[in-house]
Amino acid sequence: MNLYRIKNWPEHYEVSQNKSVKKWSWVPLPIKHDGKGYRRVVARADGVAMLGAWMLIVQVAAKCPERGVLADRDGPLTAEDLAIKTGVPTPIFEEALALFCSERIERMLLEDAACAQLALPANDQTLGERSSALELDNQTIPNHTRADQRERKRPQFTPPTVEEVRAYCRERGYQQVDPQRFCDFYNSKGWMIGKNKMQNWKSSVSGWNSRERETQNAKHKSTAAHTYDPNADNDPNAKLG
């Protein structure tokens, strides 16, 4: 399962006044609007929706046991969990999580939940320990046995077929994704994202569609800027007198 961690949380979202507060009722947000990441987000057709989703993600992360990490005591939060907590539709968060983890934006880090170490309150167990303890009725077991149980519990990723990707794109209206190219690309990488095994291929399809759409928009803008206008004075020597 994926675990989402907001990048550089202490530097951007912690201030001296609230570092000692156990439960936040507000969170500071940066007000810089000229960064490349921000401009790339708002330039999208759904930029306002993505910006709103980002603010909600930050607000939810501020209330998590380890601030800045989208996980509660039951485990990592998914797009569906965020939708339940905020009332915003799940597809918006699916798109936002893929976008903010992308290399062009990179406001979040995607980790394997089974390997992540979360700094929960001192009187609480880690997510893996808590889960194992509940299953085994609080019996004391060796650490390696606990790790084995977590490994068995982790759902095995099954790569999608081209037809499954095509059906999902049709369902979501993703017109920028070539299902065959998508599958060929990740097959060549062993279905890895960086150093981690892919956990949710649908999120990857969403991110792929977003990147392709941005590329197409950039090409259209470039083409429009160089379009020949027969009514304009196109003589390169016209201004030379």
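Throughout, read-outs are computed from the coordinates displayed, never taken from laboratory work. These numbers were taken from a predicted model, which means no experiment stands behind them. With ideal geometry, Cβ positions are generated from the backbone for all residues, glycine too; neighbour counts draw on all protein chains shown.
Annotations
- Pairs from the table (Lys7/Lys32; Lys85/Lys202; Lys7/Lys63; Lys195/Lys219) lying more than 23 angstrom apart at Cα are Lys195/Lys219.
- 15 Å beta-carbon shell around Gln216, net charge (K/R +1, D/E -1): +4
- Least to most buried among Ser210, Ser203 (fewest other Cβ within 10 Å first): Ser203, Ser210
- Per residue, the convex hull spanned by the alpha carbons of region 42-92 comes to 72 Å³.
- Residue-wise HN-Hα coupling along region 180-187, computed from phi with Karplus coefficients 6.51, -1.76, 1.60 (Hz; x: Gly, Pro): 5, 5, 4, 5, 4, 4, 6, 4
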